[in-house]
Every structure is written in C-alpha cells, then in structure tokens.
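A quick write-up on the structure given underneath.
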Amino acid sequence: MSTRWDDELTELVTVRGRALVGYGYALTGDVRRAEDLVQDALVRVFRRFRRPEAAGTEGHTEFALNEGASHAGIEAYVRRTMLNLYLDETRRFALWRKAEPKIAVDDRVKAPASDITARADVTVALRGLSPRQRACVVLRFYDDLTVPQIAETLGISQGTIKRHLADGVRALRGVLVPEGGLL
C-alpha cells in the first residue's frame, strides 16, 4: 500500500528531479556531489513525515504528510535543506581543505571552443568563491531572491549579504570577463 508521502516523493523526483540536481550543481559545481546533495536532502525532508503510531502498537509506523503542503512548498523546503547541507559540509571540511597539499593549476579551464566552455568557466569561477559568497550568488542569480530574502534565508544581515554579493560578483568578473570585453 502506497503512502501519501511516498507518492509526493515519487512525484517530486519525477517532475522536479533534474531541476533539483541543477540547483545542487550550481551550489557544488560537481554533478555527483549535486546528486548526493539532492538525495541527502530528500532523505532528511521525507524522514520527517514518518510518525510513530499511537502508543501500545510497537513495530508499526504511520506515515503522514501535512495536508496543506503544496508541491512548490515541498520543493522549496528541499532546496532550503540542500542549501543548509551544502553550507554545513563546507564548514565541516574547511579545516581539511586548508591542510590539503596545494598543487599549482591554471586559473582558467582550457577546453575546446564550444557551448561547454562557458559552463566550465562559470563552474571554475564559482569554485573560486567562498561558500557564503557562492551561496549568496546562487540564491541571487539562480533562485532570483532579493537581498532581504537572502538575508532571511541565511539568517545574516542584509549588509553582509551585499558584501558577499559584491565580492562574489567582482571575483566572477575577474574570471569570466573576456579580455577587452565588458560584463
């Protein structure tokens, strides 16, 4: 017997799965990490819908989904969970990354001229940002949120968001602007 939360999960993954992976890719810059991020967020979100039955009935569980939850609301909740997981991961592994041996690499991706080049350049440019700058840039330009909305989402001041956006855009301009070009 299928449960309502199971149907919601199946429909979300079927209809919006690619968009969620795209969102994860914008945050992480890596398809596999993006897919893992989506999966971890879905597990975290949908395990909350599992509720124990009334006391006295051991071993059985009932699954409940808030009847007022819309598809867009569930997707927004999953996206927020993805953002939180991404930020938590970057905080947790920051010390490990600092201790990693550094290898000199080119600042730009060298790829044959094609449509892929622009995507690769953006991915490399986003990797050069701090986790907070990257989150702010993705929320502003991918999710199209305003500065107050980003501040509310991340729980930090609007001035801090503006600083992260300004620094992030400046860094992206330095990497993405073609020589002699305008951005």
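Compared with the direct C-alpha span, the chain from D36 to I156 gains 40.5 nm at full extension, assuming 0.36 nm per residue. Can you check what the net charge comes to around K162, using other residues whose Cβ is under 13 Å from the Cβ of K162 (Lys, Arg +1; Asp, Glu -1)? Charge balance near K162 sits at +3. Note on T10 and R163: the model spin-label points, each 7 Å out from Cα along the C-beta direction, lie 5.0 nm apart.
Each label point was placed 7 Å from the Cα along the Cα-to-Cβ direction; for Y77 and R18 their separation is 2.6 nm. Can you give the FRET efficiency for R127 and V147, using 1/(1 + (r/R0)^6), R0 = 22 Å, r = Cβ-Cβ distance, to the nearest 0.05? Computed FRET efficiency for R127 and V147: 0.40.
All of the numbers you see were taken from the coordinates with simple rules; none came from a lab. Only a predicted model underlies this, so the values are computations on that prediction, with no experimental measurement involved. Backbone-built Cβ (ideal geometry, glycine too); neighbour counts: all protein chains shown.
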